[in-house]
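S.K.: Take a look at this one; I'll ask things after.
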Amino acid sequence: MGLHELTLRSFRPFSELIFKPDPDAITVLLSPNGTGKTSLLEAVFALATASSFRTNSAGDMIKTGEHIAEVHGVLFQQARRVQVDLTLTRGPRNTTKKMLVNGQRPRTRASISEVLPLTVFTPEGVDIVRQGPEPRRSYLTNLLTDVDLSTGEHIEKFNQILSQRNAFLRSLQGESPRLTQQSELDVWDEEFCSAAQEIVEIRIQLLEKLSPLVTSYYQEISHNILDVGVRYERSWRGELRDALHGALHNDVFRGHSTIGPQRDDIELTLAGRDARRQASQGEQRSLALALRLAGHELVRKERGLDPLLLLDDVFSELDPLRSERLLQLLPVGQTLVTTASPLPSSMNPAAVVDLSESLL
């Protein structure tokens with residue numbers, strides 16, 4: 001299993017590039033800054049998610065001066081060949097995305113997770129610890145579908161109901177609902193609570209499996225036996241239906257649902273300290289790495305396969321001791337590593353690629 005060939009056209013700095021990584025081991029992209037190393041990893045990530053880990057604007061991935069970018073990947077699941085194609089088209093107002101898996105449009109992200117589960121860590125990956133809830137929710141959502149493909153249906157169902165409830169709230173234009181409108185809102189609230197309960201339950205179950213792995217990896221990376229806390233944090237107290245009723249005035253005023261799983265968080269602690277506000281930069285970076293490696297390991301355990309691992313300039317952000325410990329912890333399987341610096345002495349990649357000539 002793994003990515004056997006990647007073809008890019010008008011993606012970021014590349015006019016055209018064909019890249020063939022080692023399918024089973026470490027491939028290092030070793031070249032100066034500005035040669036497109038991170039862009040190549042971004043293209044792999046886009047194949048798996050139809051999104052970027054660098055930007056919220058899909059148009060940024062299209063080469064300057066061009067209107068269409070293409071990413072094509074050939075993957076293998078044992079003996080099964082899978083072709084994934086992503087086309088980005090720049091329009092006058094926005095950029096459209098078209099993804100195909102063996103010529104068919106995938107119904108959910110889980111359809112992509114089935115063929116290309118992956119784990120990515122970048123220098124900005126520490127944001128999962130030090131920033132607000134959004135990076136942690138995204139991590140949780142992506143990990144859910146990578147670990148269990150069936151959760152994709154629950155996620156899609158909740159997102160649709162959330163979107164419809166929000167549309168109804170906006171239609172009120174800041175006015176309290178009349179009697180007939182309140183009856184319609186009650187229906188949406190009922191469906192919202194039911195779908196929310198499903199999402200919260202599968203998230204909590206995932207964190208219960210993930211937590212001991214995070215602790216183990218953190219202690220190995222940091223060489224410290226600090227107790228690591230990974231706890232689900234709801235955005236409401238008591239029954240969700242009662243909380244929705246209490247938040248109705250605020251929801252109507254703002255035109256969207258202000259409580260629910262879409263606002264929940266993961267509380268991360270080190271020896272009881274809030275890791276976001278009270279941990280050192282080294283502790284935060286070690287914890288961020290532990291979260292990614294733990295998720296990677298959980299996918300391997302639950303699905304019996306090795307996700308693709310992407311490490312973007314990670315070693316430049318770690319001291320030599322943490323770099324060596326990370327190398328010792330790297331999982332088996334296909335790994336893509338970017339660096340502009342000499343490799344750690346103990347790294348033995350299967351292939352080293354210089355992207356400098358690809359931009360000529």
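The values are calculated or read from the model by the stated rules, or taken from the named source; none is laboratory data. What you are looking at is a predicted structure, and each value in this text was computed from that prediction instead of being measured. As a convention, Cβ positions derive from the backbone with ideal geometry for all residues, glycine included, and neighbour counts pool all protein chains shown.
S.K.: Any residue that is over 30 Å from residue 22 (Cβ atoms), touching a helix residue (DSSP H, G or I) at 6+ places or on another chain (Cβ under 7 Å), without any contact (Cβ under 8 Å) to a residue 12 or more places away in the chain and in a loop (DSSP other than H, G, I, E, B) - is there at least one of those in the range 224-247?
M.R.: yes
S.K.: Hey, among 279, 290, which residue is surrounded by 18 or more Cβ atoms within 10 Å (Cβ to Cβ) and either within 30 Å of residue 77 (Cβ to Cβ) or not small (Gly, Ala, Ser) (or both)?
M.R.: Details: 279 fails: either within 30 Å of residue 77 (Cβ to Cβ) or not small (Gly, Ala, Ser) (or both).
After applying the criteria, what remains is 290.
S.K.: In addition: Any residue that is at pLDDT below 95, in contact with a strand residue (DSSP E or B) (Cβ under 8 Å, 6 or more places away or on another chain) and over 24 Å from residue 141 (Cα atoms) - is there at least one of those in the range 103-110?
M.R.: Taking the range 103-110 as the starting set, the residues that turn out to be at pLDDT below 95 are 103-110.
Filter once more, keeping what is in contact with a strand residue (DSSP E or B) (Cβ under 8 Å, 6 or more places away or on another chain): 103, 105-106.
Keeping just the survivors that are over 24 Å from residue 141 (Cα atoms) gives 103.
Checked the range 103-110: at least one residue is at pLDDT below 95, in contact with a strand residue (DSSP E or B) (Cβ under 8 Å, 6 or more places away or on another chain) and over 24 Å from residue 141 (Cα atoms).
S.K.: I would also like to ask the following. Here's a check for you: in the range 340-360, which residue that is in contact (Cβ under 8 Å) with a residue 24 or more places away in the chain and small (Gly, Ala, Ser) is surrounded by the fewest Cβ atoms within 10 Å (Cβ to Cβ)? Reasoning before the result, please.
M.R.: The initial filter retains those residues of the range 340-360 that are in contact (Cβ under 8 Å) with a residue 24 or more places away in the chain, namely 340-341, 343-344, 347-356, 358-359.
Cutting the leftovers down to small (Gly, Ala, Ser) gives us 340-341, 350-351, 356, 358.
Values: 340: 14, 341: 10, 350: 14, 351: 12, 356: 13, 358: 19.
Selected residue: 341.
S.K.: OK, next. Within the range 138-182, can you find the residues that are polar (S, T, N, Q), at pLDDT 95 or above, out of contact with any Ser or Thr (no Cβ under 9 Å at 6 or more places or on another chain) and under 22 Å from residue 194 (Cα atoms)?
M.R.: 159, 160, 163, 164
S.K.: Additional query: From the set of residues in the range 1-20 that are within 12 Å of residue 43 (Cα to Cα) and of a type in the set (Lys, Arg), which is surrounded by the most Cβ atoms within 10 Å (Cβ to Cβ)?
M.R.: 12
S.K.: Right, something else. Hey, can you tell me all the residues within the range 22-47 that are in contact with a Gly (Cβ under 9 Å, 6 or more places away or on another chain) and either modelled with pLDDT of 95 or more or more than 20 Å from residue 343 (Cβ to Cβ) (or both)?
M.R.: Of the residues in the range 22-47, the ones in contact with a Gly (Cβ under 9 Å, 6 or more places away or on another chain) are 22-25, 29, 43-44, 47.
The answer is 23, 43, 44, 47.
S.K.: Another one. Being crowded, with 18+ Cβ neighbours inside 10 Å, out of contact with any strand residue (DSSP E or B) (no Cβ under 8 Å at 6 or more places or on another chain) and not hydroxyl-bearing (Ser, Thr, Tyr) is the filter here; which residues of the range 133-145 pass it?
M.R.: Answer for the range 133-145, where residues must be crowded, with 18+ Cβ neighbours inside 10 Å, out of contact with any strand residue (DSSP E or B) (no Cβ under 8 Å at 6 or more places or on another chain) and not hydroxyl-bearing (Ser, Thr, Tyr): 135, 142, 143, 144.
S.K.: Scan the range 174-188 for residues that are farther than 18 Å from residue 240 by Cα and either in contact (Cβ under 8 Å) with a residue 24 or more places away in the chain or surrounded by 14 or more Cβ atoms within 10 Å (Cβ to Cβ) (or both) and jot them down.
M.R.: The answer is 174, 175, 176, 177, 181.
S.K.: With the structure loaded, tell me whether residue 326 is at pLDDT 90 or above and buried (at least 16 other Cβ atoms within 10 Å of the Cβ) or whether it fails that test. Reasoning before the result, please.
M.R.: Working: at pLDDT 90 or above: no; buried (at least 16 other Cβ atoms within 10 Å of the Cβ): yes.
No; evaluated as a whole, the condition is false for this residue.
S.K.: Also, quick follow-up: Give me the residue from the range 4-44 that is in contact with a Lys or Arg (Cβ under 8 Å, 6 or more places away or on another chain) and in a loop (DSSP other than H, G, I, E, B) and, out of that set, nearest to residue 100 (Cα to Cα).
M.R.: Selected residue: 12.
S.K.: Within the group 208, 153, which residue is over 20 Å from residue 241 (Cα atoms) and exposed (fewer than 13 other Cβ atoms within 10 Å of the Cβ)? Steps first, answer last, please.
M.R.: Numbers: 153 fails: exposed (fewer than 13 other Cβ atoms within 10 Å of the Cβ).
Among 208, 153, only 208 is over 20 Å from residue 241 (Cα atoms) and exposed (fewer than 13 other Cβ atoms within 10 Å of the Cβ).
S.K.: Restricting to the range 156-173, name every residue that is assigned to a loop (DSSP other than H, G, I, E, B) and crowded, with 16+ Cβ neighbours inside 10 Å. Give the steps one after another, and end with the answer.
M.R.: So the first thing to find is which residues in the range 156-173 are assigned to a loop (DSSP other than H, G, I, E, B), and the list is 172-173.
Hit for the range 156-173 is 172, nothing else.
S.K.: Still on this structure, I have one more. Filter the range 107-166 down to the residues that are within 15 Å of residue 292 (Cα to Cα) and acidic (Asp, Glu), then identify the one that is nearest to the chain's Cα centre (by Cα).
M.R.: 146
S.K.: Further, regarding this structure: Being modelled with pLDDT of 95 or more, surrounded by 14 or more Cβ atoms within 10 Å (Cβ to Cβ), in contact with an Asp or Glu (Cβ under 7 Å, 6 or more places away or on another chain) and of a type in the set (Val, Ile, Thr) is the requirement here; does residue 269 meet it?
M.R.: Working: modelled with pLDDT of 95 or more: yes; surrounded by 14 or more Cβ atoms within 10 Å (Cβ to Cβ): yes; in contact with an Asp or Glu (Cβ under 7 Å, 6 or more places away or on another chain): no; of a type in the set (Val, Ile, Thr): yes.
For residue 269, the condition - modelled with pLDDT of 95 or more, surrounded by 14 or more Cβ atoms within 10 Å (Cβ to Cβ), in contact with an Asp or Glu (Cβ under 7 Å, 6 or more places away or on another chain) and of a type in the set (Val, Ile, Thr) - is not met.
S.K.: Looking only at strands (runs of 3 or more DSSP E) that lie completely in the range 258-357, which have at least 3 residues being out of contact with any His (no Cβ under 8 Å at 6 or more places or on another chain) and closer than 30 Å to residue 192 by Cα?
M.R.: Working: elements: 265-270, 308-312, 335-339, 351-353.
By residue number, 265-270.
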